[in-house]
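Below is one structure, written out as structure tokens; comments come after it.
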Amino acid sequence: MSVEKCVALVIGASRGIGRQIAIDLAKKGYAVVVAAKTTSDAYKTTPFPPEPNSSQSTINTVEREIRELGGDATAIPVDTRDVEQINYLVDETVRIYGKLDVLIYNSGAIWWSSVEDTPIKRFQLMQKINPEGLYASVQAALPYFGKNGWKGRIIVVSPPIYSRFFRGKTAYAMGKVGMSVLTKGLAMDFVRQDRKDMAITSIWPACSIESAATETFTQLKPSTRNDLRKPTIFSDAILAILEAPAETVNGLLSIDEDFLRDNCGVTDFSKYSLVPGTKPQRIMPAEFPTLEVAEQDDEGQRVDSTKIPERAKI
């Protein structure tokens, strides 16, 4: 899609991967709304710019970084557990810039452990921030995409669906896979409704990426830095997805490395290694199972709950 006067809302953009996405979108000419929970007085932050994965990095410092690079950015705080705050965020984005072209949902909560060792409150937090926050963001954005003539893109940070992903982190996987299900389902809606210029795509890293999430692991075991990539690989993949025709990426559950290789001809990924000269280990499978079945096009008798009389609903 053309980036001329395009407006991108990046939710979860205060640090790490989200920060990089926001900055690189701005460098490409997007007006960027930087959204997350953490705020600060960016002009009192020293040193500046702050370390990208530290608590010193907030939506305000990211906004300042973009503006000092000559870009257009606005920081708007949001707690993605609060639907009203999400609605305000999307409404305010359109009030400021007049429209919304790209929604990127990078906000996320992580807890990797067995079901037995995952407290219900931790489980509920992940569902609130991961699938529910995404769903609310999409619901808030869709009317504005409609006002654009159904031209726009949604990018979701969620994985391809495969069983190994559930192992040892079931509660986390339930939410993240749910986000990928939303990608697949909404993509089918776009096709059924003949919205050819709309696309929703999920993207996930092939190798671990330097971020606030991986910072803890590297502190515990410094050698793990050798298996990290820079966040620029992720933002490069997202930019490539945004530039691809809508029909080729709608409903796609992709991997950053694979998309760059298959669609952009990238074969040398060494520039993305965090530690020069290392070759980070790929943590994702080489191939993923297809989700389609032989009867894929047989919908049977479709039911639309909005058409059911209120008294018949459960």
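A few comments on the model shown:
- Sequence-separation-based contact order of region 7-312, relative, with Cα cut under 8 Å and 6+ spacing, percent: 16 percent
- Dipole of the chain [Lys/Arg +1, Asp/Glu -1 at C-beta], most positive-end residue of Pro159, Ser137, Ser211: Ser211
- If you sort the three axes of the alpha carbon gyration tensor as a ≥ b ≥ c, you get a/c of 1.5 or more for region 51-128 and a/b no higher than b/c, which makes it oblate.
- Test item: Cα-centred dipole of the chain, Lys/Arg +1 and Asp/Glu -1 on Cβ, debye: 560 debye
- Over region 85-130, volume per residue of the alpha carbon convex hull, in Å³: 72 Å³
- Dividing the summed helix terms, -39500 (n - 2.57) for each DSSP H run of n ≥ 4, by the number of residues in the chain produces a 222 nm estimate of -11500 deg cm²/dmol to the nearest 500.
- Among Ile154, Ile76, the ranking by other beta carbons within 10 Å of each residue's beta carbon, starting with the fewest, stands as Ile76, Ile154.
- Extent along principal axes [Cα atoms of region 35-175; Å; largest to smallest]: 48, 44, 26
- Taking Thr46, Thr170 and counting other C-beta atoms within 10 Å, the order from fewest to most: Thr46, Thr170
- Working from the Cα coordinates of region 164-314, the gyration tensor eigenvalues give, after taking √(5λ), semi-axes of 36, 20, 13 Å in decreasing order.
- Among Gln281, Gln20, Gln296, residue whose mean-square fluctuation peaks in a GNM of the chain (springs only between Cα atoms under 10 Å): Gln296
- Cα pair distances of region 220-284 binned at 5 Å [whole percent]: 3, 16, 25, 23, 14, 9, 6, 2, 1
- Region 129-223 - Debye-derived log10 I(q)/I(0), Cα point model, q = 0.23 Å⁻¹: -1.21
- Sequence-distant residues sharing a close amide H with Met198 (under 5 Å, placed H): Gly152
- Under 5 Å between amide hydrogens, built in the peptide plane, is the criterion, and for Ser273 it picks out Lys230 among residues at least 5 positions away or on other chains.
- Between the exposed loop cleavage positions of the chain, defined as GluC sites (Glu not before Pro) in a non-H, G, I, E, B DSSP state with at most 12 neighbouring beta-carbon atoms within 10 angstrom, the longest gap is 117-286.
- The ranking of Lys121, Lys28, Lys271 from fewest to most other beta carbons within 10 Å of each one's beta carbon is Lys121, Lys271, Lys28.
No value in this document is a laboratory result; all are computed from the given coordinates. Everything numeric here is computed off the predicted structure, so don't read it as measured data. Using ideal geometry, Cβ is built from the backbone for each residue, glycine included, and neighbour counts are taken over all protein chains shown.
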